[in-house]
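The values are calculated or read from the model by the stated rules, or taken from the named source; none is laboratory data. Being a predicted model, the structure only gives us computed values, none of them experimental. Glycine gets a Cβ as well: all are built from the backbone with ideal geometry, and neighbour counts include every protein chain shown.
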Amino acid sequence: MSTLARRLSIVVGILVLVGSFALSRYLGSQKQEPERKTDTKRVTEVEVMTAVNQKIASTLEVQGRLTAFERIELYAEVGGLLKETSRPFKVGTNFPKGTVLCSIDDAEARLTLLAQKSSLLNAVTQMMPDLKIDYPESYKNWKLYLDEFNPEKPVPAFPQPLNQQEKYFVASRNLHNAYYSIKSAEERLGKYLIRSPFNGTLIQVSIYPGAVVRVGQKLGELMSTGNYELEATVTVADLQYVRVGSRVKLVSGDIGGQWSGTVRRIGDQVDPGTQTVKVFIGVSGANLRDGMYLRGEVEASNIENALQLPRELLVNQESVYEVRDSQLHLRPVTLVKMTPEFAIIRGIESGTVLLKNKPAGIFDGMKVRIKAATSAQDEVTSNK
C-alpha cells in the first residue's frame with residue numbers, strides 16, 4: 001500500500017471518531033432530565049379511643065389440686081376379732097354417714113358389763129330394807145328405780161336424794177362407784193362398733209375381717225366424697241381483692257364441666273420464696289376426685305374509678321400514650337392490677353384520647369394522624 005493510501009485511511013478514521021462524538025453529544029442534549037421528587041415527611045396514621053373511668057368487676061385467676069375436705073385415720077380403741085359387716089372393709093368401698101365401717105367382736109365385754117349391772121342391782125336391793133326404815137319418804141323413789149332397772153339397757157341415773165342424810169346413806173353403800181364403773185364400761189362397749197362420721201370412701205385398709213385387732217392398731221383411712229377443697233396461691237399484691245365467701249368458677253383441663261366454689265379460708269403466712277398466700281376454696285359436685293387439678297376465676301372485689309386497657313398498651317408498666325395536638329405524649333399511670341389480657345390503671349381522666357394499638361417505631365412526641373376513635377370500654381369489650 002502506498003504512503004498516500006495510508007494517510008487517507010488515518011484521516012477517515014479520525015473523521016469517523018469525531019463524527020461519532022458529535023452525534024452522541026447531540027442526542028444527549030435532546031434527552032429530558034427526570035423530575036426530582038420532593039422529600040416529604042410521612043405521618044403515621046393511628047387508631048385512638050376515649051378513656052372512660054368506671055367501677056370494674058375484676059377477677060383473679062387461680063389453680064390448684066383438689067383434696068378431700070374431711071380425711072381421717074381409723075384406729076382401734078379396743079381389741080378383739082374383726083367381724084364381717086354388710087359392706088366389705090376394702091379400699092374403694094363407699095360408706096354413707098352413720099353406717100357401720102367395721103365391727104369388733106364385743107361378746108366378752110358385753111358379758112362383763114352385764115355382770116357389773118347385776119352386782120349393782122344386787123347392792124341396791126340389799127339397801128332397800130334399811131332405806132325403808134330410816135328414810136321411808138325416799139323408799140318410793142328407789143323402789144321405782146328397781147322396778148325399771150333392765151340389765152339389757154343402759155343403767156339409769158340414781159334418784160335425786162331428798163336430803164343430805166339420804167345422800168350420805170347411799171354414798172356409804174359405795175353405789176356411786178359401781179354406777180360410774182358401769183357407765184364407763186357402756187361407753188367402751190360402743191367403741192367395738194365404728195360408724196362412718198360422714199359420707200366417705202376407704203382409701204387405705206390395714207386389716208381384714210377375721211384378723212385379731214390390737215388396741216391402738218391402725219385399721220385404715222377414710223376420705224369424704226362430694227366435699228372437696230382446692231388449695232390455691234394468691235400473690236400478696238392481689239390478696240386485697242379476695243375475701244372469705246368470694247365465689248369461684250372452676251373448670252378442669254381433663255374433663256368437661258364447670259363447678260362453683262367459695263373461698264373458705266385465707267392463710268396468714270406468706271411464702272418467703274414466692275411471696276404468695278394460700279387460699280382454700282370449697283367445692284363440691286359430680287365427677288370430682290381427690291387429687292384432680294382445677295383452674296378458675298375468683299370474683300374479686302370491685303375496683304372503683306379505674307380504667308381497663310389491653311395490657312400491650314402499657315409502656316414499661318408505668319405509662320400509656322395519649323394523643324394530643326396530633327402528637328403522642330407519654331402519660332404516667334398507676335398500675336392497680338394486671339391480668340393475662342388486661343391492665344387496670346388509674347391516673348387518666350375520662351375523655352382523654354389514648355392509642356388503641358401500638359404501631360411499630362412510635363415514640364414520645366411523634367407526629368400522628370387520627371384514623372378512628374372509640375371508647376376504652378368498647379375496646380376492652382371487643383377484645384373479650
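The single condition among (1) among the small types (Gly, Ala, Ser); (2) closer than 18 Å to Gln63 by Cβ; (3) outside the structural domain of Ala237 (by TED's automatic domain parsing) that Ser326 does not satisfy is (2). The set of residues in the stretch 147-164 being surrounded by 12 or more Cβ atoms within 10 Å (Cβ to Cβ) and more than 20 Å from Thr112 (Cβ to Cβ) consists of Phe158, Pro159, Pro161, Leu162. Annotation: of all residues in the stretch 352-384 being of a type in the set (Val, Ile, Thr) and buried (at least 18 other Cβ atoms within 10 Å of the Cβ), the one that is modelled with the lowest pLDDT is Val380.
What do you reckon, is Ile182 outside the structural domain of Gly80 (by TED's automatic domain parsing) and either touching a residue at least 12 places away in the same chain (Cβ under 8 Å) or surrounded by 15 or more Cβ atoms within 10 Å (Cβ to Cβ) (or both)? Yes, satisfied. Among the residues of the stretch 203-229, those that are touching a Leu at 6+ places or on another chain (Cβ under 8 Å), buried (at least 17 other Cβ atoms within 10 Å of the Cβ) and not hydrophobic (A, V, I, L, M, F, W, C) comprise Gly220, Glu221, Tyr228, Glu229. Report, by residue number, each residue of the stretch 261-276 that is in contact (Cβ under 8 Å) with a residue 24 or more places away in the chain and within 19 Å of Phe69 (Cα to Cα). Those that are in contact (Cβ under 8 Å) with a residue 24 or more places away in the chain and within 19 Å of Phe69 (Cα to Cα): Gly261, Val263, Arg264, Ile266.
Taking the criterion of being without any contact (Cβ under 8 Å) to a residue 24 or more places away in the chain and either of a type in the set (Lys, Arg) or more than 23 Å from Lys337 (Cβ to Cβ) (or both), the residues of the stretch 225-259 that qualify are Gly256, Gln258.
Could you say whether any residue in the stretch 349-366 is touching a residue at least 40 places away in the same chain (Cβ under 8 Å), farther than 27 Å from Val43 by Cα and touching a Lys or Arg at 6+ places or on another chain (Cβ under 8 Å)? The answer is no; no qualifying residue exists.
Within the stretch 341-351, restricting attention to residues that are in a loop (DSSP other than H, G, I, E, B) and surrounded by fewer than 20 Cβ atoms within 10 Å (Cβ to Cβ), the residue that is nearest to the chain's Cα centre (by Cα) is Glu341. Scanning the stretch 68-92 for residues that are crowded, with 16+ Cβ neighbours inside 10 Å and of a type in the set (S, T, N, Q) yields a total of 1. Checked against (1) over 30 Å from Gly226 (Cβ atoms); (2) assigned to a strand (DSSP E or B), Gly296 meets all criteria but (1). Of all residues in the stretch 269-290, none satisfies the criterion of being assigned to a strand (DSSP E or B), surrounded by fewer than 15 Cβ atoms within 10 Å (Cβ to Cβ) and among the hydroxyl-bearing types (Ser, Thr, Tyr). In the set (1) surrounded by fewer than 16 Cβ atoms within 10 Å (Cβ to Cβ); (2) polar (S, T, N, Q); (3) outside any helix (DSSP H, G or I), the condition left unmet by Ser103 is number (1). Residues considered: Ser350, Ser326. Of these, the only one that is among the hydroxyl-bearing types (Ser, Thr, Tyr) and more than 17 Å from Ile303 (Cβ to Cβ) is Ser326. Based on this model, can you work out whether Gly200 counts as of a type in the set (Gly, Ala, Ser), closer than 25 Å to Leu101 by Cβ, surrounded by 14 or more Cβ atoms within 10 Å (Cβ to Cβ) and in contact with a strand residue (DSSP E or B) (Cβ under 9 Å, 6 or more places away or on another chain)? Taking the combined requirement at face value, the residue satisfies it. The C-beta contact set for the stretch 130-155 (first residue among the hydrophobic types (A, V, I, L, M, F, W, C), second residue surrounded by fewer than 12 Cβ atoms within 10 Å (Cβ to Cβ) and not in a helix (DSSP H, G or I), distance under 8 angstrom, 6+ apart or interchain) comprises Phe149/Pro156. Here Lys140 clears all of (1) basic (Lys, Arg); (2) under 60 Å from the mean Cα position of the chain (by Cα); (3) more than 30 Å from Arg243 (Cα to Cα) except the condition numbered (2). The set of residues in the stretch 316-338 being assigned to a strand (DSSP E or B) and either touching a Gly at 6+ places or on another chain (Cβ under 8 Å) or surrounded by fewer than 17 Cβ atoms within 10 Å (Cβ to Cβ) (or both) consists of Arg324, Gln327, Leu328, His329, Leu330, Arg331, Pro332, Thr334, Leu335, Met338.
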